[in-house]
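**Q** Submitted below is the structure of interest, expressed as structure tokens.
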Amino acid sequence: MQLFSVDRTLRKIQFQRHIKRSLDLTGLTPIHGRIEGLELLAVDALLAKGFGPAPVILGKGGLHLKEGGFAYLLKGRTEKESVHAGFSLEQVLPYRLPGSSKEYRLFVYKKVS
């Protein structure tokens, strides 16, 4: 499995590179930059947390998804379901982290075109 981690914060990318070397994670590729500035990655899945509203994530990150690929968006309990051209909302899953009472929702979108 190949995993790309994109972040505009160099400090986070440097930490990921350190972990990659320390644990010999050959499938991890940390990328310093902005998702909208990258060449198309053609990935099967996209995971986003703290990037922005769903339409922004799907508009910028969704370009890198293959047709039929899935976007997994981790959101707070107040995030509204949204429609975005080229995507269908497949599931909305509520969850809580262990030891926390804070509620979250996982939005699962499928790229249809």
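The values are calculated or read from the model by the stated rules, or taken from the named source; none is laboratory data. Given the structure is predicted, the values throughout are model-derived calculations rather than measurements. For neighbour counting, all protein chains shown are included, and Cβ atoms are generated from backbone atoms with ideal geometry for every residue, glycine included.
**Q** From the list 106, 23, which residue is at pLDDT 95 or above and in contact with a strand residue (DSSP E or B) (Cβ under 9 Å, 6 or more places away or on another chain)? It would help to see each step written out before you state the result.
**A** Working: 23 fails: in contact with a strand residue (DSSP E or B) (Cβ under 9 Å, 6 or more places away or on another chain).
The conditions single out 106.
**Q** Considering only residues that are surrounded by 15 or more Cβ atoms within 10 Å (Cβ to Cβ) and more than 20 Å from residue 70 (Cβ to Cβ), look in region 6-16 and name the one that is modelled with the lowest pLDDT. Talk me through it step by step, then tell me what you get.
**A** Initially, region 6-16 is screened for residues surrounded by 15 or more Cβ atoms within 10 Å (Cβ to Cβ), giving 6-7, 13, 16.
Those left that are additionally more than 20 Å from residue 70 (Cβ to Cβ): 7, 13, 16.
On the way: 7: 94, 13: 97, 16: 97.
Only one residue tops the list, namely 7.
**Q** Go through the residues of region 6-15 one by one and say whether even a single one is more than 24 Å from residue 83 (Cβ to Cβ) and in a strand (DSSP E or B). Steps first, please.
**A** Going residue by residue through region 6-15, those that are more than 24 Å from residue 83 (Cβ to Cβ) are 6-15.
Keeping just the survivors that are in a strand (DSSP E or B) gives 6-7.
There is at least one residue in region 6-15 that is more than 24 Å from residue 83 (Cβ to Cβ) and in a strand (DSSP E or B).
**Q** Let me ask something additional. Could you give every pair whose Cβ atoms fall below 6 Å, whose first residue belongs to region 80-101 and is on the phi > 0 side of the Ramachandran plot, and whose second residue is surrounded by fewer than 12 Cβ atoms within 10 Å (Cβ to Cβ), counting only separations of at least 6 or pairs across chains?
**A** The qualifying pairs are 86/113.
**Q** Please enumerate the residues belonging to region 33-45 that are assigned to a loop (DSSP other than H, G, I, E, B) and either crowded, with 16+ Cβ neighbours inside 10 Å or in contact (Cβ under 8 Å) with a residue 24 or more places away in the chain (or both).
**A** 33, 34, 38, 40, 41, 42
**Q** Need the failing condition index for residue 30 against (1) surrounded by 15 or more Cβ atoms within 10 Å (Cβ to Cβ); (2) out of contact with any Phe, Trp or Tyr (no Cβ under 9 Å at 6 or more places or on another chain), just the number.
**A** Just one mismatch for residue 30, condition (2).
**Q** Output the residues belonging to region 1-12 that are closer than 16 Å to residue 37 by Cβ, out of contact with any Gly (no Cβ under 9 Å at 6 or more places or on another chain) and not polar (S, T, N, Q). Before you say what the answer is, go through the steps one by one.
**A** Going through region 1-12, the residues closer than 16 Å to residue 37 by Cβ turn out to be 4-10.
Checking which are out of contact with any Gly (no Cβ under 9 Å at 6 or more places or on another chain) leaves us with 4-5, 9-10.
Answer for region 1-12, where residues must be closer than 16 Å to residue 37 by Cβ, out of contact with any Gly (no Cβ under 9 Å at 6 or more places or on another chain) and not polar (S, T, N, Q): 4, 10.
**Q** Another question about this same structure. What is the one condition in (1) assigned by TED's automatic domain parsing to the domain that holds residue 87; (2) surrounded by fewer than 16 Cβ atoms within 10 Å (Cβ to Cβ) that residue 22 does not satisfy?
**A** (1)
**Q** If I ask for residues that are in a helix (DSSP H, G or I) and in contact with a Ser or Thr (Cβ under 6 Å, 6 or more places away or on another chain), which ones from region 16-32 would you list? First the steps, then the outcome.
**A** Residues of region 16-32 that are in a helix (DSSP H, G or I), as a first pass: 16-23.
Listed by number, the list holds a single entry, 16.
**Q** If I filter region 67-76 for residues that are at pLDDT 95 or above, within 27 Å of residue 112 (Cβ to Cβ) and surrounded by fewer than 14 Cβ atoms within 10 Å (Cβ to Cβ), do I get at least one hit?
**A** Looking through region 67-76, at least one residue is at pLDDT 95 or above, within 27 Å of residue 112 (Cβ to Cβ) and surrounded by fewer than 14 Cβ atoms within 10 Å (Cβ to Cβ).
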